[in-house]
1. Restricting attention to region 184-208, and to residues there that are in contact (Cβ under 8 Å) with a residue 40 or more places away in the chain and of a type in the set (Lys, Arg), which single residue is farthest from Ser323 (Cα to Cα)?
2. Mind checking which residues of region 100-116 are outside any strand (DSSP E or B) and either buried (at least 24 other Cβ atoms within 10 Å of the Cβ) or not acidic (Asp, Glu) (or both)?
3. If Ser268 satisfies every condition in (1) among the small types (Gly, Ala, Ser); (2) touching a Pro at 6+ places or on another chain (Cβ under 6 Å); (3) free of Cβ contacts under 8 Å to residues at least 40 places away in the same chain but one, which is the exception?
4. When region 274-287 is examined, which residues are found to be farther than 16 Å from Phe236 by Cβ and either surrounded by 12 or more Cβ atoms within 10 Å (Cβ to Cβ) or modelled with pLDDT of 95 or more (or both)?
5. Scan the strands (runs of 3 or more DSSP E) fully inside region 244-333 and keep the ones with 3 or more residues being of a type in the set (Gly, Ala, Ser).
6. Go through (1) closer than 26 Å to Asp314 by Cα; (2) touching a Gly at 6+ places or on another chain (Cβ under 8 Å) and name the single condition Leu178 misses.
7. Could you please find all residues in region 164-197 being touching a helix residue (DSSP H, G or I) at 6+ places or on another chain (Cβ under 9 Å), surrounded by 15 or more Cβ atoms within 10 Å (Cβ to Cβ) and not in a strand (DSSP E or B)?
8. Filter region 139-163 down to residues that are in a helix (DSSP H, G or I) and surrounded by fewer than 20 Cβ atoms within 10 Å (Cβ to Cβ) and give me whichever is modelled with the highest pLDDT.
Amino acid sequence: MRELFRKSAACVGLVLCGLFLTSARQLPPPNDSDDAPHQSQDTDSTVPPGCVKLFGSIQCGEEEPLLASRLLANGPQPETATDPLRPAVVSFVRNNWPFVIDFQAEPGTRTVLKVKLYHRRWILPYLENAYQQVLGEDEQAGERQVIKIEAIDLGDASVATGAGEVRVARYDIRSYRLDGDTYRREQGKLVRAPVKIFGIGAGPRAVGSITLRDVRFGPASLQIPAAGAPPAMTSFQYVLLRPYDVVSAGVERDCPGAGCRWAGQALSPSAGSVGLSPPRQWPVRRNAKPGLYRLQVRAWLNCQGSTPAERFVDCGDEAAWASGFSDDIVVER
C-alpha cells in the first residue's frame with residue numbers, strides 16, 4: 001500500500017492508483033468519550049420526552065421520521081465532513097451493515113469510527129456510541145487507506161429498536177494522538193488530530209470497495225474574476241462502481257463558522273449511473289470569498305421513492321448511501 005500511495009501524485013485518483021482495501025483493526029478504542037456531556041433531562045412532568053422548557057417555552061427535538069424523510073430526499077448529510085478535527089456524516093444505519101471509508105490520518109495517531117443513533121433531544125441528539133471500531137493506527141497513518149468493516153454490530157441498540165430496522169445515525173470519524181501505544185491526554189482529555197476523508201459509505205450497495213470514488217475537482221487554483229468579467233469555471237467528475245437511485249454534488253469552503261461552509265450546489269439530484277460521470281462545471285463568481293474549496297458528491301438509494309416517512313425503518317438495504325470528497329482547490333483574489 002505504501003508504494004502505491006507514493007505513486008499517487010503521478011496518477012489520477014483511486015481508480016488508476018489501485019489502493020488496496022483492508023479490514024478494520026482489532027485494537028481498543030478509547031474507553032471514554034471526548035464529546036460533550038449528556039444533557040440533563042427536564043424533570044417537569046408537563047414537558048414531553050425529547051423536549052426542554054426554555055424561558056417558559058417548550059422546545060422539542062425533531063421526530064426521527066421527519067429527519068429520515070429529508071435524508072431519503074436529499075441524501076447523506078456531511079455535517080462536518082470537511083472539518084479535519086471532527087468529520088461526521090448523518091445518514092442511515094442498519095444492524096450488520098458493512099461500512100467502508102477512504103481516509104488519510106497523520107503519523108502517530110489512531111483513527112476511530114463512532115456510530116451514534118439519533119435520539120429525539122433538543123440538544124445533543126447524537127451522543128451515545130452504539131458502535132465504535134478502530135480503523136487505522138500509526139504504522140499506516142500518514143498514508144491514504146481504504147478500510148472495510150464487514151458488519152456494524154449495533155448490539156443492545158439493535159435489540160431495543162428491532163434487529164432489521166433502519167435508523168438515522170451520525171458516523172463520527174475521530175483521530176487521536178498516541179504516546180506509544182496509549183491515547184495521549186492533556187488535562188485529562190483525549191487529544192484529537194486532523195484526518196481527511198475522501199470517501200465513506202454504508203450498506204451493501206455502498207460497500208465492496210469504495211463504490212463512489214475518484215472525485216476530481218479542478219483546477220488546483222484559480223482567481224476570483226474581476227468586476228464585469230465572466231465567472232471562473234471549475235470542472236469536476238466522479239466514478240460510480242454501482243448504480244444509485246440519486247446522486248447530487250455541492251461545494252464547501254473551508255472556514256471556521258458552521259454557517260459559512262456551504263458555497264453552492266454543483267449538481268442537482270439525478271439518477272446515478274455506473275462509470276465515469278460526464279464532466280461538469282461549477283462557477284466561481286465575483287462575490288466568492290478566497291480560501292480552500294472542496295467538492296462533495298452524495299449517492300444514495302431512496303427506498304424506491306415510495307415509502308412513507310414513518311415507515312423508513314422498513315427500507316432495509318434500500319437505504320444504503322455513499323459520499324465522496326475531492327482534494328481542496330485554492331480560490332484567490
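1. Restricting to residues being in contact (Cβ under 8 Å) with a residue 40 or more places away in the chain and of a type in the set (Lys, Arg), the top hit is Lys189.
2. Start the filter on region 100-116 by keeping residues that are outside any strand (DSSP E or B), which leaves 106-108.
Result: Pro107, Gly108.
3. Of the numbered conditions (1) among the small types (Gly, Ala, Ser); (2) touching a Pro at 6+ places or on another chain (Cβ under 6 Å); (3) free of Cβ contacts under 8 Å to residues at least 40 places away in the same chain, the odd one out for Ser268 is (2).
4. Keep residues of region 274-287 that are farther than 16 Å from Phe236 by Cβ, which gives 274, 285-287.
Within region 274-287, Arg285, Arg286 qualify.
5. Working: elements: 244-253, 262-272, 280-284, 291-300, 321-325, 329-332.
Correct list: 244-253, 262-272, 321-325.
6. Here Leu178 clears every test but (1).
7. Just the residues of region 164-197 that are touching a helix residue (DSSP H, G or I) at 6+ places or on another chain (Cβ under 9 Å), to begin with: 164-168.
Checking which are surrounded by 15 or more Cβ atoms within 10 Å (Cβ to Cβ) leaves us with 165-168.
Selection gives Glu165 alone.
8. Of region 139-163, the ones in a helix (DSSP H, G or I) are 156-161.
Still in the running and surrounded by fewer than 20 Cβ atoms within 10 Å (Cβ to Cβ): 156-157, 159-161.
Numbers: Asp156: 75, Ala157: 65, Val159: 52, Ala160: 53, Thr161: 58.
Selected residue: Asp156.
The values are calculated or read from the model by the stated rules, or taken from the named source; none is laboratory data. Here the structure is a predicted model, which is why all the values come from computation and not from measurement. With ideal geometry, Cβ positions are generated from the backbone for all residues, glycine too; neighbour counts draw on all protein chains shown.
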